[in-house]
1. Under 15 Å Cα-Cα from K83, which aspartates and glutamates qualify once same-chain neighbours fewer than 8 residues away are excluded?
2. Could you pull out every residue, at least 5 positions away or on a different chain, whose amide H is within less than 5 Å of the one on S443? Hs are placed 1.01 Å off N in the peptide plane, and Pro or chain starts have none.
3. Among the aspartates and glutamates, which fall within straight-line cross-link reach of K11, defined as a Cα-Cα distance under 17 Å, with same-chain neighbours fewer than 8 residues apart omitted?
4. So if we plug the beta-carbon distance of K556 and K368 into 1/(1 + (r/R0)^6) with R0 = 41 Å, what FRET efficiency do we get, rounded to 0.05?
5. Using a 1.4 Å probe and counting only protein heavy atoms, arrange F422, F170, F191 so the residue with the most accessible area comes first.
6. Once fully extended, how much extra length lies between V332 and F211, figured as 0.36 nm per residue of separation less the alpha-carbon to alpha-carbon distance?
7. Tell me, in nm to one decimal, what length is gained between V268 and N84 on full extension, where the rule is 0.36 nm per residue of separation less the Cα-Cα distance?
8. Can you bin segment 438-514 into rounded, prolate or oblate? Criterion: square roots of the alpha carbon gyration tensor eigenvalues sorted a ≥ b ≥ c, rounded for a/c under 1.5, prolate for a/b above b/c, oblate for the rest.
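The values are calculated or read from the model by the stated rules, or taken from the named source; none is laboratory data. Here the structure is a predicted model, which means the values were calculated and not measured. Quick reminder, even Gly has a Cβ in these numbers, built from the backbone with ideal geometry, and neighbours come from all protein chains shown. In case anyone asks, the SASA skips ligands and DNA or RNA and just uses the protein heavy atoms, side chains included. Shrake-Rupley method; radii C 1.70, N 1.55, O 1.52, S 1.80 Å.
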Amino acid sequence: DVLLYRYHFDKGHLIELYDEQATRRNILNRLRYLAQNVDHHDALVIFYAGHGHLDPITKEGSWIPVESATKDVSAWISNHAIKNDLKVGAIKAKHILLISDSCCSRDFVRGQRGKLPQVTDKVIKRAYKLTSRQAISSGGLEPVSDAGFGGNSVFSHFLVKTLKENQKPFLVPSDLFPDIKAGVAENAEQFPRFGSLKDTGGQQGGELVLFLKQDSRLKALSTQTSEKKAEFERLKQMEADADNARKKETEEISRRERELAELDAKIVAMKKRLGGPAVKADDSLDAMLAMVKRKEEQERRLYAVKRKREKEEANREQKLARVETEKRAAAVATLEEDIRKYQDIVSSSISKGIELKAWRSLIAKYPKAAKDLKPGDTTRLLYRVKWSEESILAFSIGIELVFIPAGTFTMENHRVTLNKNFYIGSTEVTQGQWRKVMGNNPSYFDTCGDDCPVEGVSWNEVQEFIDTLNHMESTDKYRLPTEAEWEYACRAGSNTKFCFGDDESSLGEYAWYRNNSRQQTHPVGRKRPNAWGLHDMHGNVWEWCQDWYSKQTIGKSRMNRGGSWHNSAAYCKSEFRYRYGPDAKQPHVGFRLLKEP
């Protein structure tokens, strides 16, 4: 938390493993992910807090993952293996700082020789320029204390305290360490260590630099936090009012149902008496009629109460929806005005040299929506904000997932209702994304580039991809969309041949198909999106769906949707269905991912 709010670290680049997630497999998979995605411009901090152990045979320290014990050597992660993963040739980050709050972590560190240099601007510049691999450990071979302050160990307490209290605009580990060491030494029987990571390729004098956020950024964050807090309090009050109303309605319905049950019991008793030899005086026709009328009145009142409750619930939902709509409309209006200002700047004859600064100023208020956008891409920025920053997820291999609300639409002349919200990829899965997960590229058009859709993958191979991705992200929520989910997302509220209407002459603005594809795939996301911000729902490549083809024997074929670069416009319609066997590999068939909330 302190790194995120006081220093220039990005929540979107944070990887966390806690408790049962911190298995050997997950830890090693995350290190491999970093090796595949981090480049030489990046700085990386790795923090481990957990058990450590010294092997009595090899005399080497290890991390002990959650599923292991000190006697189960098969699950240990040795310090030597960790250092191998952090070498300059493995994870290609310019700077890596490993912080290990565990016992037996001494052999990470090549001890710092001599007195640490005085930190000056010159030292900072040199430290930043050179490659570094450094480590701070909470102790050596001795056990380290888990007890400490405020739920943290002694070491973590003074690490966080030092980071919180620092006022220097640039902080390097050699400047950070002395305060940590002093605090720990005074409060525990352990001695933290600092130095270069042994045999990992860092350059002498190189250090990771922590950049303190500017005051103006902190003030902006404070303002944004206050606004969000006010919005949250407003929504919380609305929800509390709704809960109180629901409670009163439920109590009234329960009371009516009890009265009706009591009346039913009386009617049953009367029927038994009427079937017997004797009839009581109060079982007259007038009494019977009164009881019948009373039951009819009770049932009418109960029905009216339930209908009122349904109407009130609908009104509450509409009110919350209006709040969200107003909030989004205000954000879109603000962004549109900002975009006009940005475009005036970059179109000016004196704008040369400040275009990038203008872009950064524009996107400062929309960090999530602007993530991975190329400078100047105001169209996609506007689409993302229009459909809410909170409605877009980005997962570890770089795809955007767009929120799709539950709803009803017409499919093959039938009304179909999807009762659950879901997220779906804003584009088809690309060759680069496939390579990050599977380590290969099966595409026929493999020279098209990492941004082109992956194709030449069977339905069964896609299931392997999904299983691997779910494992990488410690979830089970990724899958292919069903046909109904795919068509609903494609239509985006439309009921026409294509997501944009019936005019086939406009298809080229939205799709790569036979008339404009030059008989090959093209990078995803270059054509106009549908109303929900989804690109390439028509054309480029067919997309596998989860379903079996229902018009022939189940088990023979899986469904495809959307048409491809190879097809005419007729095959690219929202409703058009096609199929292949689950083992089939075609240069015009790829897929798009769905994620359940």
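1. E60, D107, D199
2. Residues meeting the criterion, in which the H sits 1.01 Å from N, are E455.
3. Qualifying aspartates and glutamates at Cα under 17 Å: D1, D42, D372, E389, E390, E400, E473.
4. On the way: r = 43 Å, r/R0 = 1.05.
After rounding, the FRET efficiency stands at 0.40.
5. Numbers: F422 5, F170 85, F191 120 Å².
Per-residue accessible area, sorted high to low, gives F191, F170, F422.
6. Numbers: separation 121, 0.36 × 121 = 43.56 nm, distance 3.20 nm.
Net length gain for the segment: 40.4 nm.
7. Working: separation 184, 0.36 × 184 = 66.24 nm, distance 8.16 nm.
Full-extension gain reported as 58.1 nm.
8. Numbers: a/c = 3.00, a/b = 1.48, b/c = 2.03.
Here segment 438-514 falls in the oblate category.
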